[in-house]
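Trainee: I am attaching a structure below and will ask some questions about it afterwards.
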Amino acid sequence: MKLGAHVSAAGGLDKAIDRAESIGAETIQIFASSPRVWESKEPTEENISAFREKSSKANISPVFLHAPYLVNMGGDKVLVEKSIETLVRHLKIGKNVGATGVIFHLGSHKGVGFENVRSQTVDSIQRILAKTSSGISLIIENSAGMGSPIGSSFDEIGTLIKDVNNPRIKVCLDTQHCIAAGYNIADTDGIRSSLDEFDKMIGLSNLVAVHANDSKMELGAGVDRHENIGEGYIGIKGFENIMSYPAFNNIPFILEVPGFDKKGPDKQNLDRLKNIRSKI
């Protein structure tokens, strides 16, 4: 498995590659724009060319984009339309920079229940895919269970994938969100039962990335709070269980941790994952 991190693209997309190399990342995730606003500035041809050239030379791949946090398939009509527009734009940017896919959160059903937003979520995803070209995936990330979420259970994600019925829909599994949602992937028996359920409901063939994050919150807490590797409820032993599980053999692991200096994913966290990988 390749090991990497979410890195900043501030100052130009190609700067993300410089930052990735500085911590020893082999794969990356980036924001193509601020994650907290709808508006985004399209990268220039020069910017795109520089990014592709640097990533190729550094052999950093795959590359993933992460969509803004504002995206919500369970919102009202205005919010859903903005979400569709944003994901279409990010998929087009991702295709231009050579990304494997765009990772996004499904959002919240605002208390009305999954079944009441199921149809509009499926319709929205199908519209997004119809407006974008093949060769890049739209990647659902499992949620932690906070705030009436869509997609904290494998059953809900699997249902949406079956309803959409398009091979471009894939999944990113966040380790912290799993713990928060009650999937004990840190435990030997827990990871076996969790991944069996994932395979049954979603299909392991649809798994394309893992967000490798320890958890500040205990099992089933339903709260999205990431911790540095080895410092939370998953721990080093938990990551040994996760990374040695056969289903993850060729899946890229991407850090989204706070960092030991509170500046985001760093070399120390990445080295901890590399040390685990060297032993399995």
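Trainee: How much net charge surrounds residue 118 when only other residues with a Cβ under 9 Å from its Cβ are counted (Lys, Arg +1; Asp, Glu -1)?
Mentor: The answer is -3.
Trainee: Once you list every other residue whose beta carbon is under 15 Å from the beta carbon of residue 203, what net charge do they have if Lys and Arg are +1 and Asp and Glu are -1?
Mentor: -2
Trainee: Calculate the dipole size of the chain relative to its Cα centre from +1 charges on Lys and Arg beta carbons and -1 charges on Asp and Glu beta carbons; express the result in debye to the nearest 20.
Mentor: Around 560 debye, computed over the chain.
Trainee: Moving on to the next point. Taking amide H atoms as placed 1.01 Å from N in the peptide plane, list the residues 5 or more away in sequence, or in a different chain, whose amide H sits under 5 Å from that of residue 101.
Mentor: 65, 137
Trainee: Each residue of the range 59-70 in turn: what ³J(HN,Hα) in whole Hz from Karplus with 6.51, -1.76, 1.60 and θ = phi - 60°, glycine and Pro shown as x?
Mentor: Result, ordered by residue: 6, 9, 6, x, 10, 10, 9, 10, 6, x, 6, 6 Hz.
Trainee: Gain in length, residue 262 to residue 225, computed as 0.36 nm per residue apart minus the alpha-carbon separation, to one decimal in nm?
Mentor: Stretched out fully, the residue 262 to residue 225 stretch lengthens by 12.0 nm.
Trainee: A further question follows. Just tell me, in residue order, which DSSP H segments of the chain are both 24 angstrom or longer along the helix axis (alpha-carbon based) and at least -1.0 in mean Kyte-Doolittle hydropathy.
Mentor: 77-97
Trainee: What label, among [x] 21.9; [y] 21.4; [z] 18.7, belongs to Kirkwood radius over Cα pairs in Å computed from the structure on display?
Mentor: Answer label, from the structure shown: [z].
Trainee: Counting Lys +1, Arg +1, Asp -1, Glu -1, what net charge surrounds residue 251 among other residues with beta carbon under 13 Å of its beta carbon?
Mentor: Once positives and negatives cancel, what remains is +1.
Every number in this text was worked out from the coordinates using simple rules, so none of it is lab data. Keep in mind that this is a model prediction, so the values were computed, not measured. As a convention, Cβ positions derive from the backbone with ideal geometry for all residues, glycine included, and neighbour counts pool all protein chains shown.
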